[in-house]
Structures are given as structure tokens and as C-alpha cells.
Amino acid sequence: MLSIHINKVARLSRFLTLLVVCAGLVLGGLWLFEPTKQTVNLGSSSSISDTSSSSDPKILRLGVVSLPPALGNPYRGTGVPTIYTYRAMFEGLTFVTEDGDVKPRLATSWERIDDLTWKFNLRRDVLFHNGVPFTADAVVFAVQYLTSDEARVEPIARDLGAIERAEATDEHTVLIHTRVAAPLLPALTEALMIVEPGQWRRLGREGFAVEPVGTGPFKLTEWGEAKATLDAHKDGWRPPKVDGLLILALPDTSSRVQAMLSDRLDIAVAMSRDNILAVESGGGRGDVGKTTSTLGISFILTKTAENHPIQDKRVRQALNYAVNKDAYIEALFGGLTKAASQPSTASGFGYNPAVKPYPYDPDRARALLAEAGYPDGFSFTAQVTIGGGASLAPAYQQVAADLLNVGVVMTLRTMPVQQLIRGIQEGEWRGEAFGMNYSVERTTDSLRPARLHSCIQRNPWYCNEDLTEKINQAFATSDLDDRRQRTEEIMAIYHDDAAAIWMHEVIVFKALGPRVKNFRQDLTVLNYDEIELLP
């Protein structure tokens, strides 16, 4: 029921989680690791001969929601859950920490030559998985592909849309030219995953996805229907401290909890707080990490009738005042995150610290609804995805319950991730709102979600022409201080216009087994090269 009290929601969530886990343990968990019916074997693996065995203490076993649908094409996205697989195999020129600091990766240093040109100095001791040396030509190849017509389908190409071309001045120096001033380019190049050009040319995009070759700590040896088997890249410049990596796709949260409790996983991602409590009861431990996302229920203003209540800014503000975010954050997330106020997290460049979340004020909400002409409330439908173990379902349910308290009926309609993607790309919606992360991704640029949720989007759901002009002006400026000031202004406008019901900054719970040592994460990237496994 939408009117369930928040404490009841939390207790019910914990009860159901433990019930499913216990049932799974009684029935046995061997089905999770049945040999897959179809596999692609990329060669013999000396370190992982039996991928279902847990006897080898040097094989790191990671449970994720799903493997990348595009297999080993690293340009299809940098978000969860694909990032867990891609970052084991590929690296960018830079690396961005949780604090937003840009660190060297395949590039050792960089400097800005002029408004449209950056010079990157590259590492000299790097080998691809197939033994080919990494040089500036690989960077030029990656840029040539991502700026080509063929790459229009790649999300990374859109994120790196400021890049025009690249040129190698010698084997270990590359110049990257941009179409517009790009003062944050070093952060953006973390998403510039480097592939081995010869392998891509021989196999093409689809063939390379099946047999990927990068420079990362692990190299792929086999794709299965629900698993990826990787060996350590021992000749790499960041060799891991384990012999191999087994990534298992377990879509159900309860399956990942069960696998942790039965010692079939060392690390499980996309967990909830209640999942962690269950794992801790079995001797494991939890880890809480930041992400680059703010969760919101976005209003589809461009596809909704002009006379619908949500077209009125006062109504959208009222819906924000009606939600008691602090209460559900405490109950569902143990108070470990905070209410959102804008389409960026605090780690994003241009986040506006002066913009505060809408306070919980149901009386103010009712007054605004009456002022807008809806004293008795109204109804609307919100499409949401609830998978991934992030306590999304009870959070959305509590939002609906709070809205009902001020007379507004929000009907929740669940949808698969594929339908969400169709909505974003093609404008196919079945309601007046949808749940979505406002993500700065690994670039930590607050303009990224602002551009996505604007008229710039091919099929926009929120289009404010004046705001879009401000976004374009901020995107084109070459001065960092000016860009920060402009972006902060944009964040304040998004907040005031109430483009969404701002919910909370997303956090990520991970479960760790007792063998895991030296685990660390920067945002959603795991430190694969540093993790150790105790006997």
C-alpha cells in the first residue's frame, strides 16, 4: 500500500530480504553456478580452469547485476553495472577520485596549450593484453573512432563531444584538439578507454566486443551467458595481486546475498543496507561508497498535456515540499546519504552548495496546490525501475505515500531498464514522470546532467529555452571560475523550476567476504590492482 508508514516499509524490506535468503540457503545455491550453455573461449587459462570452484584463494569472485549487453565494447557506457567489467580490462588517460581530483593513468601529465588544444604525455611502460606496446597512435585511433559517424550510437562519444581530433607528435605525446573550449578535458579523458587498434581493425566493433584487448589489470579469457572469466595481466603496468577475476551476473539481490553467505562470492555490488546486515550476520562486512548520481522523479513536461497540473511550477514545487526525504533516508539508508537539491552531487564541478533541499512542509505543499487551483489534489503516473538492490522500491513508495497525504495520487508503474533507455532515446513514455539518476558520471561535471535534462537532448522531456542557452554558454566558456559560477546558477534554476522531485544522493552498498583485503573504491571504480585475498 502506498500509505504504509516508513518504519513498516523498512521492517518489511528487511523481513523479505532475510526470508528470501534463508529460503535460498535451504534450497541450495548450486544452480547459480551451473555451467553456461553458450560460451566464447578466448584461449586457455592456466589460472582459472574451473570457474565454479572456490578452492583457489587467488581468484577474485565478483557478483554484479548484469554483464555489459555490448560485451567488451568500452564505449557503450561508464555507468553501473557495466563499469565493473570494463574497468577490469580498460583504462583511460586519467582517473578521477571521489574528491574530484584528476590523477594520471595512461597519461603521466598534461598541459593546456591554448583554449582548444591540450597536450598529454603518455606512459612508456604499458603493454596491451596481447603484448602490443601502448603508444600515442592508440589514443589517436580511439579519438578517430569516437568522432566518426559510426560512433554516433556510442554514449561515450556524446560525453566526449567536445573533442574534434587528436594527433601524435611522437610515440608518447599526443595533442587533443577540441571544438569548443574544454577546461575540464583532463577529467573527461577518464572515459576515453583505450583499445588495441590492431585488434579492433581486424575484428571490427562487434568482433572486438567478443574478443576485447585493453591495458587494464585483467584480460578476458571467456564470455559465458552469465559470467566473464579473466586472467591477471601480469605483464601490465598495474598487475593485480590475484591470479584471476570471475564476474558473475546475478540479477536478483537475494541471489547475491545467498552467494555471499554460502562463500561463492568475495564481493557483491548493488546491495541494500538490509543485505549488508544479512551478510554481516554470516561473517562478512559491508562497504558504503559515494556515487556521482542524484535520484529524482523527472517530470515529462514536453509530452504531457498543456493543461496538466505538473505544467505549473507551483505544483512541482508543492510535490517537493510534500516529501519527507530525511525520514526515508534514515530508515532505508541508515542516514548515510543526504537529500538532493539539484541535478548533481556535491562532488560535481559546479554543484551549488547554497541551494538547499526542499524542506518537508506539507502545509506549504497544500497551500501551493490550492494557489495553483488544485486544492483537492490530482493524479499522475510515474514509471520507475526498481532493480539493483538500492532500496528504490520502498523509497518510491514512501514518496507516493507522502504525496497522498497532500491529496496527490502518484501511481507507480514499474518498467525494465531497456524501456527506460527507449524513453530517453526515443521519447517513449507511459506517464507524466519517470525515475532517473541525474549523474555527473566519472567526469564530475555538473553540466553533464544539465545538458541531458534539457532541450539539447534529442527527445527532451524537459525543455526550458532560456536555461538551455545558459547551459550552452557555460559549456563554451574557457575560464574555469566563470564556468563554475555559470553552472552554479544553472543548478539554482533547476532547483527553483522543480524539474523533478529531488530525492537523495545515491550511495552504493557493497558486501565483502572475510578473505578480501585492501578493498577500496573511488566512486564506482574498484581498485582491482590492489585487492588481495587472504588464504
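List of remarks:
- Rounded, prolate or oblate (a/c below 1.5 giving rounded, otherwise prolate when a/b exceeds b/c) for the range 187-290 by Cα gyration tensor: prolate
- Ranked list, fewest to most other Cβ atoms within 10 Å of each Cβ, for LEU116, LEU146: LEU116, LEU146
- The equivalent ellipsoid of the chain has semi-axes of 38, 32, 18 Å, largest first, where each one is the square root of 5 times an eigenvalue of the Cα gyration tensor.
- About the Cα centre, charge dipole magnitude for the chain (Lys/Arg +1, Asp/Glu -1 at Cβ), debye: 1000
- Selection from TYR321, ALA401, ALA346 lying farthest towards where the dipole of the chain points positive, charges on Cβ: ALA401
- From its DSSP helices (H runs of at least four residues, each -39,500 (n - 2.57)), the chain gives a residue-normalised ellipticity at 222 nm of -9500 deg cm²/dmol.
- Cα coordinate range in the range 289-509, projected on the principal axes (Å, largest first): 49, 40, 35
- Placing unit charges on each Cβ (+1 for Lys and Arg, -1 for Asp and Glu) gives the chain a dipole about its Cα centre, and among ILE247, ASN459, PHE141 the Cα reaching farthest toward its positive end belongs to ILE247.
- Placing dummy labels 7 Å off each Cα toward the beta-carbon, the span from ASP497 to ARG112 is 2.7 nm.
- A protection proxy built from the mean count of other Cβ atoms within 10 Å ranks the segments 188-201, 506-519, 81-94, 370-383, most packed first, as 81-94, 188-201, 506-519, 370-383.
- Using every pair of distinct Cα positions in the range 61-180, the Kirkwood expression returns a hydrodynamic radius of 15.6 angstrom.
- Zone residues, the range 103-123, relative to THR173, backbone N less than 16 Å from point 7 Å out along Cα-to-Cβ: 107-114, 117-123
- Sorting the segments 180-186, 421-427 by their residues' average number of neighbouring beta-carbon atoms within 10 angstrom, most packed first, yields 180-186, 421-427.
No lab work stands behind these numbers, since they all come straight from the coordinates. Since this is a predicted model, take the numbers as computed values, not measurements. Virtual Cβ from ideal backbone geometry, glycine too; neighbours counted across all protein chains shown.
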